[in-house]
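Derivation of every value follows stated rules applied to the coordinates shown; laboratory data play no part. Small disclaimer: the values here were computed from a predicted structure and weren't measured. Here Cβ is always computed from backbone atoms with ideal geometry, including for glycine, and neighbour counts include all displayed protein chains.
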Amino acid sequence: MAAALQEPTTPTFRDIDRGVLRVMDFPGMAYWIWIAFCFSLVAIAAILWTRQIYEGLGVTGLRQPVMWAIYITNFVFWVGIAHSGTLISAILYLFRTRWRTAVYRAAETMTLFAVATAGLFPMIHLGRPWFLYWLLPYPNERYLQPNFRSPLVWDAFAVSTYLTISALFLFMGLIPDVANAREHAQGWRKKFYSILALGWQGTDRQWHHFAMAYLLMAGLATPLVISVHSVVSWDFAMAQLPGWHSTIFAPYFVAGAIFSGVAMVMTLLIPMRKWLHIEDLVTPWHIDSLAKIVLLTSLVVSYSYATESFMVWYSGDKIEQMTFHMRYFGPWGWIFWVMILCNCLIPLVLFSPRIRVNMKALWIISIFVNIGMWFERFDIIAGSLTTNFNPAQWHFYTPSITEIMITVGSFAWFLGLFSLFAKFLPIVSMTELKEGIGFLRQAIRKGSSTSA
Amino acid sequence: MSAQVEPASALASGAPVAPAGPVAGTAFKAVMAIFVAAGVIGFALNVGGANAARAWQAYLVNLLVWLGIAQGGVVMLAAFYLCNGRWAGTTQYRLAETFAGFIPLGFLLFFGLYFGRTLIFPWVLHPIAQKAAWLNTPFLFARDGIGLAIMTVLSLWLVRLSRTKEAAEWQRDSESILLVPNPIRRVAPALAICFAIVYTIIAFDLVMSLAPVWRSTLFGWYFFAGAFWSAAAAMALVAVIMRGLLGGNNAFKNPQVMRDIGLTVFAFSIFWIYLLFAQYIVIWYGDIPVETFFIVVRAYYPPWQALSYAVVILMWMIPFLTLLGVRPKKTPAILGAVSLCGVIGIWLERYVLVVPSLSPHTVPFGWVEILVTLGFFGAFVLCSLPGLDRLAASAAREVWVEEHE
Amino acid sequence: MTLGMSAAMEIIGSFADEHLCVRGIEDLHKAQVRNLRVFYPFPSHRIEHAMGKPKSKVRLFVLIGGITGILTALAITIGTSWEWNLVAGGKPIISWPPFIIICFELMILFGGISAVTSFLVNAGLPAFESKSGYQSRFSEDRFGVVVKCDGADSARIEKIESILRNAGAEEVLREAA
């Protein structure tokens, strides 16, 4: 009650507008060099992909029995990265979480570009990518249709639905913000924002339907996000292969996805808030909340590792036990232990409230988490395939330069697209910050009192 | 949007707002005591005779159901603290604490299983050499006993901390972003983590091991998510009953509060069916006999098939279809009926998880099961009475004030 | 007054505070002044509540979209399976568990698309003309209440203006519509 009397009055609505719109000022030279750097890496990857299409998949390191390796790892990794965006924008919206307002736009943008990156990998992994449309049912004279009993077909439906819905959700949330940006912009930008805003002026009628549609989109996106990574996990769990066939895969992959995704949000936001001078909009309070989600999902992932290992021991199944023995102590054992270190042990320091507001420490932890989660996917996919049922077939995969450069290119593609968005569209939601301005004021005051 | 709850000033209304006496009258308590007596007698008469196995199965099923609800409620309490959930002031917290009184009793009742171990666990009389390191009597009772002891201590500790004055102040202040006061900030996450671990082990030991060759990595998660959901359903049921019982204006008259309670039931019901489906599809697709037999017995052949379908209808289909809209969530009669279905559903679910492993071809149901269930129910209600009194006091104090100016 | 010509007139009250704007709306409603148009810069539950509109029809369209999605999914999964009964992986021709997944995904896809489309249609977007009474600061930090009335009825105009002022409007303008 006493707090209400001394309610702080800054920042005002104007301060929020100024803070966000300043980010979209005309970018400097360093920015363009960064963009050029990113897209030249993408160009290298594109050239290598073209060569791969021309020569065939022999240019990769894929050999029997390891026919799924880095490309599929990247696919799963990027789909996973995408998930946190929907978690923050949709699930936390339904939970009426206060701190999401400052970070959700960046997270949602990340979602869109991460799905767009992920969607490339199944195509890259195809020997004849021009037959991609065979995944869709269409009438043909051969009576050949996609096999809807195959998890790969579910995946095609799930990922394309996810791409569509996250694009629509992001676009919807942007409408009131670009309408605001339109009022401040000049020249071609004004035209650009006017087109995107679709003539939005924030009338009661517009907001009335907007609020309902946004709520329903959040309600649809929430089960969607869980289903998408579950379907991705079922690409593996449906098989009888030891190391893949496990009922826990669906929720375990979802937790892992959110874990790596929120870590990626932190990796992007922590430097961004400094470079773009939005420390007053994205406060330590917001980042602290993200860190708590990383901690929670890290615990869930650790639980899943432990349950899987326990069940292999408990089942008494010799072949499963062999696979897991190879996973811990085989030639790729180090990957497993790096993964345990990055995903289970390092995030435990987030139990300390002081670490959770230490931006440098958080940034380093988030990088470790990203590495750990990439390794986890690689270990599950390539690791389980390496030692299949027939020892005569065992083969250890080594990635080729094509695969490595395409992987690097995917990171560049993602970062490049994200950077373009951040400079030309509002990367922090102005409308929602205004809606929850009281909490933002408290957060700023709290931040200044802890740092002082 | 936030449901603002303000304590009605006793000065302003000129009358004491808390109810004069305890929620339950002597007659009600007597009925519950009779239930307990009937349960004890029913169990005692059967446990020595031909129905001994049935008596022990009913005992195990009811222990899992009622301890699950009580423990799930305290985990919900921890979850409220961890999520800064403050949509119904202190009432929300009292509601989650309601059933905590049963936890110590449930802990003691767990050790009763020791005397029925030969009739419950197939591996006691027919040990499995490969699994003997895990499935042996002393280790099972030691690990589960220690686990439940930890849960009991943490639960009672959290409930105690939650009823302090400073916790209550925090619970009422929905406009602040400050975290909950310190001891709770430590105990709540510890409780949630221990719950996941201990109840996974309980699921593996007390349910999965009844079919010793079967395995499913998700089973532990599925089991404790079910317990958590059953607590949500029981809380909704109590909220609806309390709303009518208190009469006049009370915290549960607020449609927003009812909607949030309904939303919890709705959301975690979907989560439960998701976990069920995630296990089912992997086992169905893999088609490996050591995994499929568990489902085949329950879902593919009579007599268990109908009961398995009933579980899905009660725990998912009814909550999903009825609570999809906003209005049914705010309608107490609908919310109450759905939660009652949920509580019956969770009982049936635990029954279908446990019993077919021991009795695959017949559904043992009769006086033995009914009496034991009544006994557990009576004990559960009697243990919850102090919690209900506190809830009633809080709900009567925090009357609904419409916020829109 | 020019020859009693009843030109339509708009009164625009702008507020710096959400609560004052809500008070203005409520006072106007009390004085039987309906058909207001309110501009506000962020989604405000208070203003929405004060306006007291019936629930948005978007809900209905999403429901229809979702059901259409499920039916479409059933049609394509069952239809293509029946087109040539080919057993794959030892699974039944009509395998419910996988088909449920497709049904779910298409339910979300169709539901989401109809949510956005029906929002645009219901909200009158894209709009090519500016709404009368709009000021650019209503997209930034001000709340605008616009009342349309008969230009000749000066008593009513003054009454509306005084209601807006008394509610705490920082500026009240008249504009020919």
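Some points to look at:
- Positive-end extreme of charge dipole, the protein assembly as shown - chosen from A:290, B:362, B:171 (charges on Cβ): B:171
- Protection proxy ranking of B:197-204, B:57-64 - average other beta-carbon atoms within 10 Å, highest first: B:57-64, B:197-204
- Take the Cα of residue A:394, step 7 Å toward its Cβ, do the same at residue A:274, and the gap between the two points is 4.7 nm.
- With Cα atoms, 0 to 90° folded angle of helix A:13-23 axis to chain A main axis: 50 degrees
- Residue-averaged beta-carbon neighbours from other chains (10 angstrom radius) around A:309-315: 6
- Inter-chain Cβ neighbour average for residues C:46-53, partner chain, 10 Å: 3
- Highest to lowest packing among A:138-148, A:413-423, scored as the average C-beta count within 10 Å: A:413-423, A:138-148
- Scoring A:228-239, C:102-113 by mean Cβ neighbours within 10 Å over their residues and listing the highest first yields A:228-239, C:102-113.
- Spin-label pair residue A:131-residue A:321: with each label point 7 Å from Cα along the Cα-Cβ axis, the two points sit 4.3 nm from one another.
- Spin-label pair residue A:313-residue A:361: with each label point 7 Å from Cα along the Cα-Cβ axis, the two points sit 3.2 nm from one another.
- Working from Cα pairs under 8 Å separated by at least six residues, relative contact order for chain B is 34 percent.
- With a Förster radius of 56 Å applied to the beta-carbon distance between residue C:82 and residue C:127, the computed FRET efficiency rounds to 0.75.
- Zone residues, the range B:349-368, relative to residue B:45, backbone N less than 17 Å from point 7 Å out along Cα-to-Cβ: B:365-368
- Think of each Lys and Arg Cβ as +1 and each Asp and Glu Cβ as -1; about the Cα centre, that makes the dipole of the protein assembly as shown roughly 580 debye.
- Of all DSSP beta bridges in the protein assembly as shown, antiparallel share, percent nearest 5: 100 percent
- Note on A:239-249: average number of Cβ atoms from other chains within 10 Å of each residue's Cβ is 5.
- At R0 = 60 Å, FRET efficiency that the Cβ-Cβ distance of residue B:166 and residue A:152 yields, to 0.05: 0.60
- Theoretical gain in end-to-end length, residue A:338 to residue A:144 [0.36 nm per residue, Cα-Cα removed]: 65.3 nm
- Square roots of five times the Cα gyration tensor eigenvalues for the protein assembly as shown, Å: 48, 40, 26
- Span-rule helices in chain B, defined as complete DSSP H runs reaching 24 Å or more along the axis (Cα) with Kyte mean at least -0.5: B:26-47, B:52-82, B:137-162, B:182-206, B:219-246, B:255-286, B:332-358, B:367-397
- Exposure proxy ranking for C:145, C:172, A:312, based on other Cβ atoms within 10 angstrom of each Cβ and starting from the fewest, stands as C:172, A:312, C:145.
- Reciprocal of mean inverse Cα separation for the range C:58-123 (Kirkwood radius, Å): 12.8 Å
- Basic side chains Lys and Arg get +1 at the Cβ, acidic Asp and Glu get -1 at the Cβ, and with that the dipole of chain A about its Cα centre reaches some 840 debye.
- Annotation: extensible slack from residue A:190 through residue A:44 equals 49.1 nm (criterion: 0.36 nm per residue apart, minus Cα-Cα distance).
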